[in-house]
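Novice: Just dropping this structure here.
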Amino acid sequence: MIRPFENPIYITRPFLPPLKDFCRGLEAIWENRWLTNNGPIVQRFTQELSNFLETDNICLFNNGTLALQIALQGMGISGEVITTPFTFVATTHALFWNKIRPVFVDIEPDYYTVDPEKVEAAITPWTTAILAVHVYGNPCKLDALADIARRHNLRLIYDAAHAFGTKVGNKPIAHFGDLSMFSFHSTKLFHSIEGGMLTFREAGLNDVFHYLKNFGFKNEVEVVMPGTNAKMNEMQALMGMQVLNYLGEIIKKRARITDLYRNRLKEVPGIRLVPLLSSEIRSNHAYMPIEVDEQEFGMSRDALYEKLKEWNVFTRRYFYPLICDYACYRSIPVNDSLTVARRVADRILTLPIYDSLELSDVEAICEIIQHLQRKIVGEPIVSCVASPL
Ligand SMILES: Cc1ncc(COP(=O)(O)O)c(C=O)c1O
């Protein structure tokens, strides 16, 4: 008999370094009493990230949303920006706060990133940039987008909130486009409790971003632009620095979880998995998305989402609804039919994935999904994993 999990299995659980190591780091902070304002740990964390990502052009922030807002402000982006409606709402909010009009276009059906053909078709004389998202940490169509940006003289900005740790041909994903924003929120596989980072091509932006995240201060007496307060603090940097030491292990464990999910779910009728990535891409395994085809599976995505809760499994409809369907963005005209994005938003479900998730729990989650599917179509349940209870 399969039974519900005794304790809830949530969509994610943050990785935490050993408590004694974190406390040792806190003791150092207590000793020098430097809590924020570009303290020594933020400086060290910046250097370590710079080594890890092989770039000097990096700037840390208190979260990814403000990092993206500041990126757009610092780069002087205005007018219209072509973007995706299949993302977390912060992508669009960052445009809104800069008084930029988002132009939503459709996504491609494999990895759910913005469709380059649709991007090109949406360019107008007012377009200044493309804001694309590496959805679930999987790279966008990098070459096609770079080509469009070059031919039309547009800036190419990546919301890489999900993509820390992803590599393309051994190059960190941070090296693509004019700029990338990464989120270090606790729900991400790499985190600094809350946090964000920009990586960028033009070294000249370094000063601008530093001014903007610190009220526009150039020095004690000069405020050179209307900045905000978006500085990372020492506790955040301490967490980030310690989690960075475990990144390789975290990704390896997630890879094993992904493989197991894929093996167990690939033949379940009505479940679609994203295609395997090309061998040159090293995924960070940030999320485990499935698409649920109501006809074939016998139950809608929403019904499965609700049913799984009864088994103490908490999944997420990520991303649903589309950004252009939220009340605050509904009035923005959308010319694209968004056929793929609408279909995916209605079918997508992301399953629990985090480094401390036991493989036996993954087996059990897959058994529950199979059980629900078979129960609907009336087939006998042939095998069951050991009860998680
Ligand atoms: C695609 C995307 N963009 C932006 C953000 C915002 O990042 P943060 O939560 O660090 O502000 C997130 C965070 O979840 C995200 O998933």
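Novice: Has region 56-63 got at least one residue that is surrounded by 23 or more Cβ atoms within 10 Å (Cβ to Cβ), within 15 Å of the ligand (Cβ to nearest atom) and part of a helix (DSSP H, G or I)?
Specialist: Scanning region 56-63, I find no residue that is surrounded by 23 or more Cβ atoms within 10 Å (Cβ to Cβ), within 15 Å of the ligand (Cβ to nearest atom) and part of a helix (DSSP H, G or I), so the answer is no.
Novice: Now for a separate question. Hey, could you check region 134-161 for residues that are in a loop (DSSP other than H, G, I, E, B) and farther than 13 Å from Leu198 by Cα and say which is nearest to the ligand (Cβ to nearest atom)?
Specialist: His134
Novice: Could we say that Gln73 is more than 20 Å from the chain's Cα centre (by Cα), in contact (Cβ under 8 Å) with a residue 12 or more places away in the chain, outside any loop (DSSP other than H, G, I, E, B) and buried (at least 19 other Cβ atoms within 10 Å of the Cβ) here?
Specialist: yes
Novice: Do you know which residues across region 1-33 are touching a residue at least 40 places away in the same chain (Cβ under 8 Å) and assigned to a helix (DSSP H, G or I)?
Specialist: Asp21, Phe22, Gly25, Leu26, Ile29
Each row is one residue, and each column tells you yes or no for (1) closer than 17 Å to Asn37 by Cβ; (2) part of a loop (DSSP other than H, G, I, E, B); (3) within 12 Å of the ligand (Cβ to nearest atom); (4) free of Cβ contacts under 8 Å to residues at least 40 places away in the same chain.
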position: Phe182; (1), (2), (3), (4): no, no, yes, no
position: Thr187; (1), (2), (3), (4): no, yes, yes, no
position: Met197; (1), (2), (3), (4): no, no, yes, no
position: Pro226; (1), (2), (3), (4): no, yes, no, yes
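Novice: For Gln295, only one of the following conditions fails: (1) under 14 Å from Tyr112 (Cα atoms); (2) surrounded by fewer than 16 Cβ atoms within 10 Å (Cβ to Cβ). What is its number?
Specialist: Condition (1) is where Gln295 drops out.
Novice: Collect the residues in region 65-98 that are among the small types (Gly, Ala, Ser) and either touching a helix residue (DSSP H, G or I) at 6+ places or on another chain (Cβ under 7 Å) or away from the ligand (no atom under 12 Å from the Cβ) (or both), keeping them in residue-number order.
Specialist: Matches in region 65-98: Gly74, Gly76, Ser78, Gly79, Ala90, Ala94.
Novice: Is there a residue being part of a loop (DSSP other than H, G, I, E, B) and within 16 Å of the ligand (Cβ to nearest atom) anywhere in region 117-127?
Specialist: The answer is no; no qualifying residue exists.
Computed from the coordinates by the stated procedures, all read-outs in this text should not be read as laboratory data. These numbers come from a predicted model, not from an experiment. When we count neighbours, we look across all protein chains shown, and the Cβ atoms used for this are built from the backbone with ideal geometry, even at glycine.
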